[in-house]
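Read through the structure below, which is laid out as structure tokens, and then see the notes.
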Amino acid sequence: MSSTTYSIGHFATLLHAKAFVPQPELIITRLVIDSRTVIDPESSLFFALKAKRDGHEFLKDAYDNGIRSFVISEEQYLNAFPDANMLLVENVSQALQTLAIVHRNQFDLKVLAITGSNGKTVVKEWLYQLLAADFNIIRSPKSFNSQIGVPLSVWNIQREHTMGIFEAGISKENEMEALQSIIQPTIGILTNIGEAHAEGFPSVKAKLLEKLKLFKDTELFIYSPEYTNGIPTKDLPGQSKFSWSLTQKADLQVSFIEPIEDKTYIRAIYKGTEIECLIPFSDRASVENGIICWATLLSLGYSAEVADARLEKLNKVGMRLEMKNGINQCSVIDDSYVADIPSLAIALDFLNLQNQHPKKTLILSDLQETGKKESLLYAEIADLLKQKNLHRLIGIGPNISSMASLFDLETSFYESTQDFIDHFPAIHFYDETILVKGARKFEFERISKMITQKVHDTVLEIDLNALAENLQFYRNKLKPGVKIMAMVKAFSYGSGSFEIANVLQYHKVDYLAVAYTDEGVALRKGGITLPIMVMSPEPSAFDAIVKYKLEPEIYNLDILNGFIKFLPEGAVDYPIHLKIDTGMHRLGFEETDLTDLLETIQNSKKVKVVSAFSHLVGSDEIQHDEFTQYQIQRFKSFAKNIEDGLNYKFIWHISNTSGISRHPEAQLDMVRLGIGLYGHDGGLNQNKGLQTVAVLKTTVTQVKEIKANETVGYSRKGLLPNGGTIATVKIGYADGYTRRFGNGVGKMLLNGQLVPTVGVICMDMCMLDVTGLEVKTGDEVILFNGKLTIAMLAEQIGTIPYEILTNISQRVKRIYFYE
Ligand SMILES: *Cc1c(COP(=O)(O)O)cnc(C)c1O
């Protein structure tokens, strides 16, 4: 909440908006871009951005959620609601930026801005960790660094803050100027310039120059000459400059780097003397980020000793919200590294997305120091919890405990994490979604460990953001009005069930489809309210179909008659979907069935056709394009005959994933999007434009030296004639890594290197040949990801990506996350 108050009338003037403002005095404290993530609706201002989706489509939702103030760019909505304030502007995202600038201008504080190709978020979070003892810091939540994220971050600055740390990210030219005027940094940090995100720029140099615009008015600029492309120092921004380098003369000139177990010891020359530090990480990226933080501390005047002492305590940055299976049929969202209001609000939104359990619980520690009066701070949290409809709060720490009376929901309080753990056996958790959110010093990872199921070493990580991006990728290809049925059969192609369906529901697909009734029932039990089509509605399950309001696919007269007979007398217009066979020859009606089909439906009031569809057999391949056209034509004429016979309209659909990407003419009224959602499309060149959704990984359980002529595994199939080193990993054919991957056919990624299997694949394990590589127990092993793709695995064993994904057995734990 802003301490500087603005009325909606004031905003209307500032924005030169054409306005319809029935309540000009209304005070606005929050800026909102998503109609579903609202905290204080009355004092929120909703921006109808034209981003991935047109925000104007969500005005009604926002209004229904209580919002009464809007910034829009389409005149037709100016009087959409008689009691709402509407500000009409040219460009909504510019209006958001303008308000952020007005807000920023109220404050005179140290502001650090970070940009660069990689490391922005880690450096921002680390500087926060390093400087929090001395400053009251406001920083960008998560990686809010875009044209939208930056103004939303800056809007959070309040009177009590003494430092801001914001990151800025750009993807093309002419974007930085706006971010500079919003952040107005006094100190600038360039992390590095890599090849990443070079697409929007004519050259690496152009990218660099654009980024440097952020720092044009800074007092101090921190950088490495390794990344400034030979630009003379005098032409770099910053009244004063501080440089660091591993290879060149610099203010902080690193002279020696040595890994010591999981840490890295670094020595450097600074002001003519040798200084040192220890960074508690060993990977290259962390070492570079650590050096950037080191340079920043020194340039801010910290002594080498203090800098070293603080760097040594750096903590890993938990950048994503993960959801895991919990004990007693719970789901656990683990965010056990930070506790402040902006990140709590984000985590609560993620919690609210989850409908699979009837109850929602928050385990929350004392908040990190914010400089705000405790009673105000906790009152704000109490308010937040109420608005988010939380059922239970477990508060841990003396401060939150002393504010117990503020909370108006089921609560219990514990003095410390240990106190909670001591009482754990008596605390009841059952069938609920639990958000674990604690400041770092409370070590809530101990709590998450107790309430999550033991994860067997192999996990399938599902990136829910990427899934939503892929949905958007296909949505962008659709003509206006074309609906989407998302295929979530076979546990969403192995990726999950209600977790995936929840995201799809949230992103407003029109229909879901499953293969079997029990899959549909599971979704309904998980809180999914979208219409769901069941493709194999076995008669024994008609009962459940009706009970859970599922919609059967009807593919022949027997099923049709059986279902009509099953429906009780008096039932009317039960929705059904007709499957037409146009060439797949699997299930479906053919032209010869038309008369009987029409007669049966016309004679029964019990059912109503809501859609008719067919399935393309080769939409991904050029050689079948002619047949695809034949199928489309055959379907259209059949569907037309049914519509004419029944005398009403229904939805027509035929396209699957590669139908959408390759045959725009086949979109009809709806498309059925399947594997594309999960990141693969045989109709695209190398899946261009899609994001990787699923990563399957495991860890090395043991490393062994094998002597010449010894063999590995069952039947002595694994041969290492010259001896070598093998690593055993815990994934086998029972996990879905089929025996066909054995004897070197399958390859995995270990520390960035491709390594082959050796010997046959066992039920729960297999062995890798890691001869000549540095490998230790516990190292991560990737089965597939964005580099080693499911398409490559499919190729290795002569199958298709669909089989690779759906083969992964249910015993492999799924972890869902949002970046
Ligand atoms: C599985 C399936 C789809 C989706 O196919 P993708 O190639 O995965 O997009 C579409 N329609 C039907 C009938 C299906 O069974």
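Among the residues of segment 719-747, those that are farther than 24 Å from LYS813 by Cβ and not in a loop (DSSP other than H, G, I, E, B) comprise LEU719, GLY724, THR725, ILE726. Among the residues making up segment 32-51, those that are buried (at least 20 other Cβ atoms within 10 Å of the Cβ) and assigned to a strand (DSSP E or B) are VAL32, SER44, LEU45, PHE46, PHE47.
Which residue, of ASP681, ASP735, is under 18 Å from LEU805 (Cα atoms) and within 16 Å of the ligand (Cβ to nearest atom)? Write out each step before concluding.
On the way: ASP735 fails: within 16 Å of the ligand (Cβ to nearest atom).
Step by step, each of ASP681, ASP735 is checked, and only ASP681 is under 18 Å from LEU805 (Cα atoms) and within 16 Å of the ligand (Cβ to nearest atom).
Exactly one residue out of ILE576, ILE580 is farther than 14 Å from PHE638 by Cα and surrounded by 19 or more Cβ atoms within 10 Å (Cβ to Cβ), and it is ILE576. Strands (runs of 3 or more DSSP E) fully within segment 579-676 that include at least 3 residues being more than 16 Å from the ligand (Cβ to nearest atom) and out of contact with any Lys or Arg (no Cβ under 6 Å at 6 or more places or on another chain): 607-613. Kindly indicate which of GLU75, GLU57 is surrounded by fewer than 21 Cβ atoms within 10 Å (Cβ to Cβ) and free of Cβ contacts under 8 Å to residues at least 12 places away in the same chain. Selected residue: GLU57, the only one of GLU75, GLU57 that is surrounded by fewer than 21 Cβ atoms within 10 Å (Cβ to Cβ) and free of Cβ contacts under 8 Å to residues at least 12 places away in the same chain.
The residue list LEU130, LEU112, LEU99 contains one member that is over 20 Å from LEU214 (Cα atoms) and touching a helix residue (DSSP H, G or I) at 6+ places or on another chain (Cβ under 7 Å), which is LEU130. Scanning segment 138-169 for residues that are aliphatic (A, V, I, L, M) and surrounded by fewer than 23 Cβ atoms within 10 Å (Cβ to Cβ) turns up ILE148, LEU152, ILE157, MET163. Total residues in segment 732-789 satisfying the condition of being polar (S, T, N, Q) and surrounded by fewer than 16 Cβ atoms within 10 Å (Cβ to Cβ): the figure is 4. The residues of segment 482-515 that are at pLDDT 95 or above and either assigned to a loop (DSSP other than H, G, I, E, B) or not hydrophobic (A, V, I, L, M, F, W, C) (or both), listed by number, are VAL482, LYS483, VAL488, VAL509, ASP510, TYR511.
Residues in segment 510-523 that are in contact with a helix residue (DSSP H, G or I) (Cβ under 8 Å, 6 or more places away or on another chain) and within 13 Å of the ligand (Cβ to nearest atom): LEU512, ALA513, VAL514, ALA515, TYR516, GLU519. Picking from residues in segment 368-397 that are among the basic types (Lys, Arg) and farther than 30 Å from LEU131 by Cα, the one that is surrounded by the fewest Cβ atoms within 10 Å (Cβ to Cβ) is LYS386. If the condition is being surrounded by 15 or more Cβ atoms within 10 Å (Cβ to Cβ) and either among the β-branched types (Val, Ile, Thr) or farther than 23 Å from MET533 by Cα (or both), then segment 583-617 contributes THR600, ILE601, VAL607, VAL609, VAL610, VAL617.
Applying the condition of being in a helix (DSSP H, G or I) and under 24 Å from ASN352 (Cβ atoms) to segment 421-446 and asking which residue is modelled with the highest pLDDT yields PHE442. Beta carbons closer than 7 Å, at least 6 apart along the sequence or on distinct chains, pair a first residue in segment 457-486 that is among the aromatic types (Phe, Trp, Tyr) with a second that is within 16 Å of the ligand (Cβ to nearest atom) and assigned to a strand (DSSP E or B) for TYR474/LEU673. When the residues of segment 447-481 are filtered to those that are farther than 26 Å from LEU668 by Cα and assigned to a loop (DSSP other than H, G, I, E, B), the one that is farthest from the ligand (Cβ to nearest atom) is LYS454. Quickly run through segment 756-791 and pick out the residues that are under 16 Å from LEU719 (Cβ atoms) and outside any loop (DSSP other than H, G, I, E, B). Hits for segment 756-791 are PRO756, THR757, VAL758, CYS766, MET767, LEU768, ASP769. A single member of THR692, THR698 is surrounded by 17 or more Cβ atoms within 10 Å (Cβ to Cβ), in a loop (DSSP other than H, G, I, E, B) and touching a residue at least 60 places away in the same chain (Cβ under 8 Å), and it is THR692. Residues that are charged (D, E, K, R) and in a strand (DSSP E or B) were ranked within segment 327-367; the one that is surrounded by the most Cβ atoms within 10 Å (Cβ to Cβ) is ASP334.
Pairing residues of segment 529-556 that are more than 26 Å from THR595 (Cβ to Cβ) and without any contact (Cβ under 8 Å) to a residue 24 or more places away in the chain with residues that are of a type in the set (Phe, Trp, Tyr) and surrounded by fewer than 18 Cβ atoms within 10 Å (Cβ to Cβ), at Cβ distances under 7 Å and at least 6 apart in sequence or on separate chains, gives VAL534/TYR516. On the stretch given as segment 691-739, residues that are farther than 16 Å from MET765 by Cβ, in contact with a strand residue (DSSP E or B) (Cβ under 8 Å, 6 or more places away or on another chain) and not β-branched (Val, Ile, Thr) total 7. Among residues of segment 524-534 being at pLDDT 95 or above and surrounded by 20 or more Cβ atoms within 10 Å (Cβ to Cβ), the one that is nearest to the ligand (Cβ to nearest atom) is MET533. Just so you know, in segment 52-81 the residues that are small (Gly, Ala, Ser) and part of a loop (DSSP other than H, G, I, E, B) include one that is nearest to ALA17 (Cα to Cα), and it is SER73.
The values are calculated or read from the model by the stated rules, or taken from the named source; none is laboratory data. From a predicted model like this one, the values you see are computed outputs, not experimental measurements. Because the Cβ atoms are built from the backbone with ideal geometry, glycine has one as well, and the counts that use them run over all protein chains shown.
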